[in-house]
Amino acid sequence: MEITLREDANVTTLSLKGRLDLATGSALKEQIIQLFEKEKTAIHLNLGEVEFINSSGLGSLVSIMKEIRLRKGRLTLSNLASYVQEIFEITQLSHIFEIFATEEEAINSYQAVTAG
Amino acid sequence: MPKYEFTYLSAVASEDKMLDELATVLHINGIPEDLQNWFMLAISEAFTNALVHGNKLNPHKAIKLALNINEGLLTADITDEGQGGLAKIKRRQPPTLLSEGGRGVDLMRHYASVVRFTETEGGALKVSLRFDQIKENEVERYT
């Protein structure tokens, strides 16, 4: 899996490409932990190019979300392919993640929270 | 009636290798993309279970994947070299929303027409998956 990182004023965006499974889920979590060390806890994941996700990948996302919540941060997701969206709905994880249709909407939501 | 058999070492990197080979097999047999996705997902769940819970990432233990691809029907058998896997499956508790694991069996059962867990003579776990390409009613489930 390829991870592209972009840091904006309010949020750090990671764009994921490839499969999100046992191995890559761990790699993603390690990268997020490195962001925590820089006190970055507002994190957006663009899943638009995730071509495959399984329960190990979902577990990694849940773990990341819990770590971010512990740090009083915020995690958002966007651009889920219909295949990935369906898995979030089947597992009911769509109820606990903040999911946006587009990256732009997600990033704007951080600005709205900051402004508010 | 194409049949395929693969054997993998119990290493985390084997999952990607398995998915690459599986994607190639499904592509050359002209399996529709949606069905490819669900079949790969269910197999990956059984594979991860075999890797982590069955073989406990022991590099001396293997995972076998057997595929049958027929018109209207896909089947897969995933067999580990662990012990007591069937009992663990029967004892499993459903995950909570914030659980980091435990969703694999539910995903297999959701997408496959039939999921069957059996124990080999040596005590290892075999997960048998069947996907009907034509009809999805009359879903059978075994535990």
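The values are calculated or read from the model by the stated rules, or taken from the named source; none is laboratory data. As the structure is a computational prediction, the values presented were derived from the model and not from experiment. Glycine also receives a Cβ, built like all others from the backbone with ideal geometry; neighbour counts cover every protein chain displayed.
The one condition from (1) over 23 Å from residue A:52 (Cα atoms); (2) hydrophobic (A, V, I, L, M, F, W, C); (3) within 14 Å of chain A (Cβ to nearest Cβ) that residue B:86 does not meet is (3). Please indicate, with yes or no, whether at least one residue in region A:60-79 is within 13 Å of the chain's Cα centre (by Cα) and on the phi > 0 side of the Ramachandran plot. Yes, that holds for at least one residue.
Condition first: basic (Lys, Arg), over 27 Å from residue A:2 (Cα atoms) and either touching a Lys or Arg at 6+ places or on another chain (Cβ under 6 Å) or modelled with pLDDT of 95 or more (or both). Can you find one or more residues in region B:99-107 that meet it? No: region B:99-107 contains no residue that is basic (Lys, Arg), over 27 Å from residue A:2 (Cα atoms) and either touching a Lys or Arg at 6+ places or on another chain (Cβ under 6 Å) or modelled with pLDDT of 95 or more (or both). Condition (residue is within 14 Å of chain B (Cβ to nearest Cβ), on the phi < 0 side of the Ramachandran plot and surrounded by fewer than 17 Cβ atoms within 10 Å (Cβ to Cβ)) applied to region A:30-46: is it met by at least one residue? For region A:30-46, residues within 14 Å of chain B (Cβ to nearest Cβ), on the phi < 0 side of the Ramachandran plot and surrounded by fewer than 17 Cβ atoms within 10 Å (Cβ to Cβ): present.
Against the test of being within 11 Å of chain B (Cβ to nearest Cβ), crowded, with 17+ Cβ neighbours inside 10 Å and in contact with an Asp or Glu (Cβ under 8 Å, 6 or more places away or on another chain), the options A:78, A:63 yield a single qualifying residue, A:63.
Those strands (runs of 3 or more DSSP E) of region B:1-80 in which 2 or more residues are surrounded by fewer than 21 Cβ atoms within 10 Å (Cβ to Cβ) and either without any contact (Cβ under 8 Å) to a residue 24 or more places away in the chain or within 12 Å of chain A (Cβ to nearest Cβ) (or both) are absent.
Taking region B:107-131 as the range and being surrounded by fewer than 16 Cβ atoms within 10 Å (Cβ to Cβ) and either part of a strand (DSSP E or B) or within 14 Å of chain A (Cβ to nearest Cβ) (or both) as the test, the residues that pass are B:116, B:118, B:119. Set side by side, the residues B:46, B:42, B:50 differ, and just one is in contact with a helix residue (DSSP H, G or I) (Cβ under 6 Å, 6 or more places away or on another chain), within 28 Å of residue A:88 (Cα to Cα) and among the small types (Gly, Ala, Ser), which is B:42.
Table: residues versus (1) in contact with a Leu (Cβ under 7 Å, 6 or more places away or on another chain); (2) at pLDDT 95 or above; (3) of a type in the set (Ser, Thr, Tyr).
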residue	(1), (2), (3)
A:57	yes, yes, no
A:65	yes, yes, no
A:70	no, yes, no
A:74	no, yes, no
A:77	yes, yes, no
A:81	no, yes, no
A:99	yes, yes, no
A:105	no, yes, no
A:116	no, no, no
